[in-house]
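Since the structure comes first, as structure tokens, the remarks are kept for the end.
The values are calculated or read from the model by the stated rules, or taken from the named source; none is laboratory data. Everything quoted here is computed from the prediction, not taken from an experiment. Ideal geometry is used to build each Cβ from the backbone, glycine not excepted, and the neighbour counts take in all protein chains shown. Accessible surface areas use protein heavy atoms only, side chains included; no ligands, DNA or RNA. Shrake-Rupley method; radii C 1.70, N 1.55, O 1.52, S 1.80 Å.
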Amino acid sequence: MTRRAKDVAESARSAVAVTASSVWRPFVHPWMLEDAEPLRHAMRQLDDHLPRVEAVLARTGMNEAAAGDLVTAIRDVRNALDALASALDVHGTRLRDVLRHHPTSLREIRSCTNVLADADGDCRRAVEAAGRALPTLGNLLARTPWATAGERPRGRADLEALPATEARAALARDPRLLAAVTDPHDATGPAWLAPALGDADDDPAVVVAAGSLLRVDRVRRACTNAGADAVRRAALTHPRALGGLDGVPVWARCEANRLVMRSELRRMRARDRELAREIAVEHDRDARSPWRAVTGRVLDAWLANDAATAIATVDVDRATARRADLRALVELTRRLLHDRVSQGRGRWGHRQVVAFHPDGRVVELWGTLDAETEQVAVYVGGTGTTVRQFGWPTNIVRALFRADPTGRTAVVTWMGARFPSAIGTQSPFGRFARAAAAPLRDCVEGLDVPDGVPITVVGHSYGGTIVGAAEALGLRVDRVVHAGVPGIGPGVRSVADYPDHDALGRARRVTRYALTAPGDLIRLWRRGDAALSSLSSVPFAPARTVAERAGEKILGADPMTLPGIVELDTGVWETDRDDRRRGEVLVGPRGHADCVEPGTTSFRRIVAVVQGEDPREITPPPDLVPFRR
């Protein structure tokens, strides 16, 4: 067979495989292709803890019947996980092999997925039954000293009468009390905070210019006047109000958000069961019409494919997609709630969540904000910064934090607004940057960074456009890094468009840097923006009007061509990682994401900016030989 015939045959096989995948993708869920090791790990954890639980129950003299129900429920969950892991070992392995070597064998694929789906359903039903069989805390504590320890707080009023340590303990042991104080329909704050939340006393002209930044300042002053004890008690009794309020001390917001995340996990589980019922109804409705059955499968396949939705998203309401998003949020919430990480200076603790909203907005702090802090950095990710992809900006922020061995750098991961998720249908427009600008500005102000401590904000891709839009509103910042940015803010044509003073009257002296990999496709968008800028200067009024209005809606000028912004070279990979090789030049579409990755010259230059050094003095190791693929 000739080389050309081989190429044609390979292309035909690829086309058949792609066509087949579009058929089986709707019923091959991603978890069916995963390894069973995480389930085995959970089983080992249960096997390890069960003897300890039994020993504690026996030693404390708890109700024998209730204790027996608790142990039985744990064993039932363990057995359910074992059954699902066994199914994955056998049929999951077989499914992966079939998809790799015989992707058109739909009957065999469906056979494997049916067995796995049945095993998943059995596991879920067993876990839900075990949850229903769990004894209440009152039954477990019957005839123990805790049962007669006095009447427990039943609501916020009872909780406010307790010392902070007792209130914290009461919330830890009583889920109903926690649900009461974190009711999503009751976001009222303490009485002493109410005057700070209005703007009746402000000059209307100042309100228009400063907006919510004034409220941040009032909230900060109200917390200072109330004192640490009052703020600590309010974080326990009004966690939903304080957890998301810029201007409240960061330590209080972190404690409040831990309570909110605990209660939201329970609500998310209930919502997951509701969505399971909605999916069943949706599938029944689709089955009544061949057209709806086909479109439903195509939409489910599209929305489940991260690569497809990264290019173009579809504005449809499918319960399957909403459930997938919910489960991603549940997984992220669990990690934020339970992970213990290093916070620098020899300190370990839970992750510090400065803001958490059930719609997926999260702000996380790494490190410590105190008198010993020497610099603060805020990282704003780009398109696709969502609950599903929160791990990537977290890895970058963790690396920025660890780059300072003294632990005197605090770094914030900011996902406090909705980001565009599709580069084709959402990223080209500035509405997301405009909507995120004020929340970013208020969040940085609300960190209450001490005077004299420099703040660096790093924006990658669309995140740089958000940073530029926030700068136009008077963002408090000393240094800005634009990495692979399509524009420096909607309507911004030069650094002269940024204000010299923020909305609170403080002078702004900002040093700005920009870096973009050669061949990065983001440069194509900048050419279009440059064309609009040229069109706005032609002596034809209608053309100028169209260009100016379009320019307001898109992303701003190219930071690599503006006076007042220091241009940096992205450099090379300085370490081997995955399919990247030491010495490989950051170039092309891959260079767009790689320019903020640890292990590159560009990342070391960003670290230098954060730490107040001259990034232009950072060069690749002398023994490294650059090359391009």
### Task
Output the peptides 325-333, 484-492, 93-101 sorted from most to least packed, where packing is the average of other Cβ atoms within 10 Å over each peptide's residues.
484-492, 325-333, 93-101
## Note on the structure
The summed charge of the Thr406 Cβ neighbourhood (under 15 Å; Lys/Arg +1, Asp/Glu -1) stands at -1
### Query
Just by accessible area at a 1.4 angstrom probe, what is the order of Trp302, Trp573 from largest to smallest?
Trp302, Trp573
### Query
What percentage of the solvent-accessible surface of region 14-138, computed with a 1.4 Å probe over protein heavy atoms, is contributed by carbon and sulfur atoms?
57 percent
#### Entry: Length released on extending from Ser105 to Asp229, taking residue separation times 0.36 nm less the Cα-Cα span
38.0 nm
### Message
Just want to confirm a number: the relative contact order over the chain, from Cα pairs under 8 angstrom separated by 6+ residues, in percent.
### Response
8 percent
#### Entry: Option label - mean projected area of the Cα convex hull in nm² computed here, alternatives (i) 30.1; (ii) 36.3; (iii) 51.4
(ii)
### Task
Could you please report the charge total around Val397, scoring K, R as +1 and D, E as -1 over all other residues with beta-carbon less than 12 angstrom from its beta-carbon?
+2
#### Entry: Residue (of Pro439, Trp392, Leu46) at the positive-pole extreme of the chain, dipole from beta-carbon charges
Leu46
### Summary
Sparse-neighbourhood loop hits (GluC sites (Glu not before Pro), region 250-306; DSSP loop; Cβ within 10 Å at most 13 others) -> none
### Task
Please give the length that would be gained between Arg506 and Ala435 if that part of the chain were fully extended, namely 0.36 nm times their separation in residues minus their C-alpha to C-alpha distance (nm, one decimal).
23.2 nm
#### Entry: Test item: Cα-centred dipole of region 45-84, Lys/Arg +1 and Asp/Glu -1 on Cβ, debye
120 debye
### Message
Along the Cα→Cβ direction, 7 angstrom out, place labels at Asp579 and Thr136. What is the inter-label distance in nm?
### Response
5.7 nm
### Query
With charges only on Cβ, +1 for K and R and -1 for D and E, what is the dipole size of the chain about its Cα centre, in debye, rounded to 20?
1140 debye
### Query
Residues of the chain: accessible area per residue at 1.4 Å, in Å²?
49 Å²
### Query
Cβ under 15 Å from Ile74's Cβ, Ile74 left aside: what net charge do those residues give with Lys, Arg +1 and Asp, Glu -1?
-2
#### Entry: Percent RCO, i.e. relative contact order, over region 14-138, from Cα pairs under 8 Å lying at least 6 residues apart
39 percent
#### Entry: DSSP bridge pairs, the chain: antiparallel proportion in percent, nearest 5
40 percent
### Message
I need the helices of the chain that pass two filters: whole DSSP H segments spanning 15 Å or more by Cα along the axis, and mean Kyte-Doolittle score no lower than 0.5.
### Response
462-472
## Note on the structure
Quick tally, 1.4 Å probe accessible area for Ile455, Ile279, sorted with the most first, runs Ile279, Ile455
### Query
For region 219-364, what relative contact order do you get, as a whole percent, if you take Cα pairs closer than 8 Å and at least 6 residues apart?
24 percent
### Task
Would you mind putting 392-400, 236-244 in packing order, based on average other-beta-carbon counts within 10 Å, highest first?
236-244, 392-400
## Note on the structure
Counting only protein heavy atoms with a 1.4 Å probe and every protein chain in place, the carbon and sulfur fraction of the accessible surface of region 408-494 in whole percent equals 53 percent
### Query
222 nm [θ] for the chain, helices only, -39500 (n - 2.57) per DSSP H run of 4+, per residue, to 500?
-17000 deg cm²/dmol
### Message
If packing is taken as the average count of other Cβ atoms within 10 Å, what order do 425-431, 48-54 fall into, highest mean first?
### Response
425-431, 48-54
### Cβ charges +1 (Lys, Arg) and -1 (Asp, Glu), total dipole of region 14-138, debye
320 debye
### Query
Nearest 0.05, what FRET efficiency do Ala83 and Arg398 give at R0 = 45 Å with Cβ-Cβ as r?
0.80
